[in-house]
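Each remark here refers to the structure printed beneath this line.
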Amino acid sequence: MLHRVEVRLGELQRIEMKCEGGKHHVSFNQKLVDVLLSVDIVRLAWGGFVDKIILVSGDRDFLPAVNTAKEAGVIVKLIYANPPYAYVHTNLLLACDERQILDEDLIKKSSIS
């Protein structure tokens, strides 16, 4: 177990598509993880358990949680992958107090022990 690290497991939604020639393609989408993490962000912020939250995402679904945490006086730092490697929503970038691109240098500096 890693100190100060929590894992939130959502659900997988199975998506089946019929392709040309009768072939099937199956993929999966994650569901509920952003909601579970948003609830944690709000609970920790308003409970006074944290003074800073580091969010690794680009998903604008986190906007309400980020804004609510900031209302509680919590600093929100966004770590995101730079396009074209991943998409980050502009409103999420603007809403966060601090921003940092997830790059090789950050990964080297941030080893978890």
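General observations
- Boolean, residue 5 is touching a residue at least 60 places away in the same chain (Cβ under 8 Å), loosely packed, with under 13 Cβ neighbours inside 10 Å and out of contact with any Gly (no Cβ under 9 Å at 6 or more places or on another chain): yes
- Flag for residue 59 being under 15 Å from residue 6 (Cα atoms), in contact with a helix residue (DSSP H, G or I) (Cβ under 9 Å, 6 or more places away or on another chain), at pLDDT below 95 and among the acidic types (Asp, Glu): no
- Matching residues, region 1-56, being part of a loop (DSSP other than H, G, I, E, B), acidic (Asp, Glu) and at pLDDT below 85: 6
Listed here are the residues, each with its yes/no results for (1) surrounded by 14 or more Cβ atoms within 10 Å (Cβ to Cβ); (2) of a type in the set (A, V, I, L, M, F, W, C); (3) touching a strand residue (DSSP E or B) at 6+ places or on another chain (Cβ under 6 Å).
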residue	(1), (2), (3)
39	no, yes, no
46	yes, yes, no
52	no, no, yes
57	yes, no, no
64	no, no, no
77	yes, no, yes
80	yes, no, no
83	no, no, no
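The values are calculated or read from the model by the stated rules, or taken from the named source; none is laboratory data. Every value quoted in this text rests on a predicted model; they were computed, and no experiment measured them. Reconstructed Cβ throughout: ideal geometry from the backbone, glycine too, with neighbour counts over all protein chains shown.
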